[in-house]
Amino acid sequence: MSNKLITLENISKSYDNHLVLDEMNLYIRENEFVTLLGPSGCGKTTTLRIIGGFENPDTGRVVFDGKDITKLPAYKRQLNTVFQKYALFTHMNIAENIAFGLKIKNKSKSYIDDKIKYALKLVNLEGYENRMPDSLSGGQQQRIAIARAIVNEPKVLLLDEPLGALDLKLRQDMQYELIRLKNELGITFIYVTHDQEEALTMSDTIVVMNQGYIQQIGTPEMIYNEPENAFVADFIGDSNIIDSIMIRDELVEILGAKFACVDTGFGENVHVDVVIRPEDIELVSPEEGTISGVVTSLIFKGVHYEMDVMANGYEWLVHSTKMFPVGEKVGIKVDPFNIQIMNKPASEDEEAVQIEE
Amino acid sequence: MANVLKRIYIALIFIFLYAPMLVLIVLSFNKSKSRAKWGGFTFQWYTKLLSDSSIMEALVTTLMLAVLSALISTFIGTIAAIAITSLKKGARTLMMGITNIPMLNAEIVTGISLMLLFIFFNVKFGFTTILLAHITFNIPYVILSVMPRIKQLNPSAYEAAMDLGASPFKAFFKVVFPDILPGVFSGLLMAFTMSIDDFIITHFTKGAGVDTLSTKIYSQVRKGIDPKMYALSSLIFVTVLVLLILINILPGSGKKAKEK
């Protein structure tokens, strides 16, 4: 992709001695859909607010388009934000809301009118000019908030959990809407969410964060299929994370049984974490499986059955379209390609990301 | 049956509350000077009232005091309310407590302490001292009526305005202020009403020669009640009543306008 538009260099931020961001480095390319993903308190919103100019970092620099904007106040930055709670101006109608930024920039009346029409069309709310924000549904208000931001033609649109307050169906619709908007506008989106599904659906790049540290940066496929550590594996989707021993290249011992895998370069007889996604486990007859166990629970989930299988002292989470009743003896088989090996956290920094369960 | 009882109960409450005012208003139209005899309907006490220059002077003083003290205390109170909301929780509770004390404090105590304060700093008693006193006791009422409005604000609205290019100053006046305006306005009316209404504090902080309506009435009544005073009291009552009704319907009417 194209050049770096925003660079965060060594950004640290703490509130009342509580470290929220620790020497964070991140760059965002032009025309990219970047999602900052992580649990609440991981520093994702703080990162966004630092980019938006609502917080000052304790240390570090924010570089935008080659210029240092660390000290530049929010109202002088060439980017716009869509807030979690819409933040529409309740005493103004929709047209006045959208025109707010343009009026401040002293644009002509005809220019503003054109822009309002264009923006309302873009968010599929034509004819809403004279409505008041209170009379709109949550989803509509959020569209107006997006319209209000994009009429200013920002280079970057910051979105702080914009779909957080909407119900599931609406949220899914809005996800497609946002992808469409991004493609039509051709601007950079920086999106903050704790919803992994949202992140996987929309992003070009996902930045997984936890406790002020970036855990992994990558495409949705990379994050899902090749999580770099147990935190990422656990946070993105369901997974079986098992303490194992890498015997040698392409062979790993999981719960006493030897599994073939495709990873190399970990050394011999090294303790590692193994991630196996529940949909990658194949349930077969006990003789056929690499290890065998007993089904302990069965839930119908619509698309698939969710089963727990107790085998070699570990409760395996399995998603399968084939149903095995509780109490049945089954074998577990995993394609070598679907076994993801991760190094155990070694340094102190990485220790912080250990999942507490 | 229970319904009828409820109505009777309510009616009784209102009779006890408003009977004195009603008597006063009726007497203000009584031709006879006697308080026990109805001598026919008349406006003469009202016309006499309006031609009494010392009372008219007191009326002007009262209104000037009310307007000035309401405006100044609204200005100070609104700023204070904004500042208090942005405090941390402990400090905020403390500040609100301090704000509430003057309202709960006996007026006579407030009056006397203000008087002592003015003497201590050698301030000459007169219009200024009453004005200062009125501003002082009005501020808490303004804070109290503005505060809920500020709490209802979407904290992101201010940031959104700045995000769209408004300087902090512009963001406040274009986005925050219109939203808290109903609270500011009812605070203003409340302060105005409290100022017109006040007797005790005014009594202790006024100098010789300056009188508000309430202190004027007090000094007249000591000499013997003139029916002009009934007329004056009736007028004050009606004015305050109208203001109070305004205060109470205003926030609601604001909402209705929005729904259009």
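The values are calculated or read from the model by the stated rules, or taken from the named source; none is laboratory data. Not measured: the values here are computed from a predicted model. In this analysis, Cβ positions are derived from the backbone assuming ideal geometry, glycine residues included, and neighbour counts consider all displayed protein chains. Ligands, DNA and RNA are stripped out before the accessible areas are found, and what is left, the full protein with its side chains, is counted by its heavy atoms. Shrake-Rupley method; radii C 1.70, N 1.55, O 1.52, S 1.80 Å.
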* Somewhere in segment A:196-214, is a residue free of Cβ contacts under 8 Å to residues at least 40 places away in the same chain, of a type in the set (A, V, I, L, M) and more than 19 Å from A:L159 (Cα to Cα)? -> no
* Could you please give the count of residues in segment A:199-234 that are assigned to a helix (DSSP H, G or I), small (G, A, S) and at pLDDT 90 or above? => 1
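For every residue, the table says whether it meets (1) of a type in the set (V, I, T); (2) modelled with pLDDT of 90 or more; (3) on the phi < 0 side of the Ramachandran plot.
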| residue | (1), (2), (3) |
| --- | --- |
| A:Q172 | no, no, yes |
| A:I247 | yes, yes, yes |
| A:G265 | no, no, no |
| A:E282 | no, yes, yes |
* Structure fact -> Expected single match for open to solvent by 60 Å² or more (accessible area, probe 1.4 Å), in the same structural domain as A:V192 (by TED's automatic domain parsing) and in contact with a strand residue (DSSP E or B) (Cβ under 8 Å, 6 or more places away or on another chain) among A:I217, A:I206 is A:I217
* Read through the list (1) without any contact (Cβ under 8 Å) to a residue 40 or more places away in the chain; (2) within 14 Å of chain A (Cβ to nearest Cβ); (3) open to solvent by 30 Å² or more (accessible area, probe 1.4 Å), then give the number of the only condition that B:K223 fails. => (2)
* To do: Pairs only if they're at least six apart or on different chains, beta carbon under 7 angstrom, first in segment B:197-214 and farther than 26 Å from B:L241 by Cβ, second of a type in the set (S, T, N, Q) and open to solvent by 10 Å² or more (accessible area, probe 1.4 Å); list them, first residue then second.
  => B:V210/B:T61
* B:I112 versus (1) away from chain A (no Cβ under 14 Å); (2) in contact with a Phe, Trp or Tyr (Cβ under 8 Å, 6 or more places away or on another chain); (3) free of Cβ contacts under 8 Å to residues at least 12 places away in the same chain: which is the lone unmet condition? -> (3)
* **Residues of segment A:98-111 that turn out to be open to solvent by 10 Å² or more (accessible area, probe 1.4 Å) and either more than 7 Å from chain B (Cβ to nearest Cβ) or among the charged types (D, E, K, R) (or both), as a count** => 8
* Asked: What number of residues within segment A:120-137 are open to solvent by less than 70 Å² (accessible area, probe 1.4 Å), away from chain B (no Cβ under 13 Å) and either within 20 Å of B:M162 (Cβ to Cβ) or assigned to a helix (DSSP H, G or I) (or both)?
  -> 2
* Restricting attention to segment A:1-46, which residues are charged (D, E, K, R) and under 16 Å from the mean Cα position of the chain (by Cα)? -> A:E32, A:K44
* Counting only residues that are open to solvent by less than 30 Å² (accessible area, probe 1.4 Å), within 22 Å of B:I217 (Cα to Cα) and in contact with a helix residue (DSSP H, G or I) (Cβ under 9 Å, 6 or more places away or on another chain), give me the helices (runs of 4 or more DSSP H) lying completely in segment B:36-151 with at least 2 of them. => B:44-51, B:53-85, B:107-120
* So which residues in segment A:291-308 are open to solvent by 40 Å² or more (accessible area, probe 1.4 Å) and in contact with a Gly (Cβ under 7 Å, 6 or more places away or on another chain), if there are any at all? -> A:S292, A:V294
* To do: Scan (1) in a strand (DSSP E or B); (2) closer than 15 Å to A:K322 by Cα; (3) open to solvent by 50 Å² or more (accessible area, probe 1.4 Å) for the single condition A:E279 breaks and write down its number.
  => (1)
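Table: residues versus (1) touching a Lys or Arg at 6+ places or on another chain (Cβ under 8 Å); (2) more than 23 Å from A:G218 (Cβ to Cβ).
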residue	(1), (2)
A:L21	yes, no
A:R29	yes, no
A:K44	no, no
A:L79	yes, yes
A:Q84	no, yes
A:G101	yes, yes
* All but one of (1) within 28 Å of A:Q175 (Cβ to Cβ); (2) open to solvent by 20 Å² or more (accessible area, probe 1.4 Å); (3) without any contact (Cβ under 8 Å) to a residue 60 or more places away in the chain hold for A:K71; which doesn't? -> (1)
* Which of the residues spanning segment B:187-220 are among the hydroxyl-bearing types (S, T, Y), buried (at least 22 other Cβ atoms within 10 Å of the Cβ) and assigned to a helix (DSSP H, G or I)? -> B:T193, B:S195, B:T202, B:T205
* If you go through segment A:315-357, how many residues are acidic (D, E) and modelled with pLDDT of 90 or more? -> 3
* To do: Might you check whether a residue that is buried (at least 22 other Cβ atoms within 10 Å of the Cβ), in contact with a strand residue (DSSP E or B) (Cβ under 7 Å, 6 or more places away or on another chain) and farther than 30 Å from A:L181 by Cα occurs anywhere in segment A:22-40?
  => no
* Quick one: in segment A:75-97, of everything that is part of a helix (DSSP H, G or I) and crowded, with 23+ Cβ neighbours inside 10 Å, which residue is nearest to the other protein chains (Cβ to nearest Cβ)? => A:N97
* Asked: Has segment B:138-146 got at least one residue that is within 14 Å of chain A (Cβ to nearest Cβ) and not hydroxyl-bearing (S, T, Y)?
  -> no
* Looking at (1) part of a strand (DSSP E or B); (2) open to solvent by 50 Å² or more (accessible area, probe 1.4 Å); (3) among the hydroxyl-bearing types (S, T, Y), find the lone condition where A:S244 falls short. => (2)
* Asked: Within the bounds of segment B:154-164, is there any residue that is closer than 25 Å to B:L94 by Cα and part of a loop (DSSP other than H, G, I, E, B)?
  -> yes
